[in-house]
Amino acid sequence: LLHMGCPPVVVNVMRNMYSQLTIRFKWCGYHGNDLRPSNGFAQGDPLSVMIINALTAVWLRRVEAVAPNATLGGWLDDLSALIHSKAELQAIVQVNDRFDDLTGQLTNSDKSAALTSSKALSARFSDVTIHGQPIPCEPHGKLLGCRIVLDGQINHSLAQKRVDGAVKVASRAALAPVGADARAELVAVAACSRLLQGTAYVGFTQVQNRAF
């Protein structure tokens, strides 16, 4: 942080806070013994944003050096790169693996993916890996919480999954020993929110609408 120009007074505040930090686990109303965390930092702490941004800035600068034509983006520790060739992807993956080795982190390969505009293009990237794990290559997926569809083929399977979950919740609400108003609130809060999560980009078929 000091090397990047952060004011020393701010760095000292964070150093003192984290050097004296203790945590407890709470379970069923009971608190465990004090523990001193050996890695990571507290989520929800406004100063932690500076730390994670400083860390990801190192990744971004190195990727800019090896893939200058890539368009980079990110939100805290969720990073992305718009590339134009397989060589760029391989260069970025190599930087990522080295970054993990140096920082002691491990990229979650299960949450990493390459979004391509067609199935044929996906096949060309099938041998690219993160720490030995193949990177899923699909024409649709999630990016920073948004559903991205690049091949024009809208997949209604997610919508069906949400409908099934919402109907199950609504069925339970129907059995609740409460009045009609309270039951309606349960459906609105629990079932409708379950239904709409992540489905705004696809919409619902008529059959799915009738089912709900």
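Listing for the model above:
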{"quantity": "Sequence of MET14, MET4 when ordered by accessible area, the most exposed leading, probe 1.4 angstrom", "calculated": "MET4, MET14"}
{"quantity": "Spatially proximal lysines relative to LYS111 (Cα-Cα < 21 Å; intrachain offsets below 8 disregarded)", "calculated": "LYS86, LYS119, LYS142, LYS161"}
{"quantity": "Rounded to the nearest 20 debye, dipole of segment 9-108 from Cβ charges on Lys, Arg, Asp, Glu", "calculated": "240"}
{"quantity": "Spin-label pair THR71/LYS26, simplified geometry with 7 Å Cα→Cβ offset, distance in nm", "calculated": "4.4"}
{"quantity": "Solvent-accessible area of LEU1 with every protein chain in place, 1.4 Å probe, in Å² to the nearest 10", "calculated": "70"}
{"quantity": "Of every Cα-Cα pair in segment 71-123, the percent that sits beyond 16 Å", "calculated": "49"}
{"quantity": "Order of exposure, largest accessible area first, which applies to PHE212, PHE25, PHE125 with probe 1.4 Å", "calculated": "PHE25, PHE212, PHE125"}
{"quantity": "Stokes-Einstein diffusion coefficient of segment 23-97, Kirkwood radius over Cα pairs, 37 °C, 0.692 mPa s, in µm²/s", "calculated": "219"}
{"quantity": "Förster radius 25 Å - calculated FRET efficiency between GLN133 and GLN160 (Cβ-Cβ, nearest 0.05)", "calculated": "0.30"}
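The values are calculated or read from the model by the stated rules, or taken from the named source; none is laboratory data. Worth saying up front: this structure is predicted, and the values here are computed from it rather than measured. Glycine also receives a Cβ, built like all others from the backbone with ideal geometry; neighbour counts cover every protein chain displayed. In case anyone asks, the SASA skips ligands and DNA or RNA and just uses the protein heavy atoms, side chains included. Shrake-Rupley method; radii C 1.70, N 1.55, O 1.52, S 1.80 Å.
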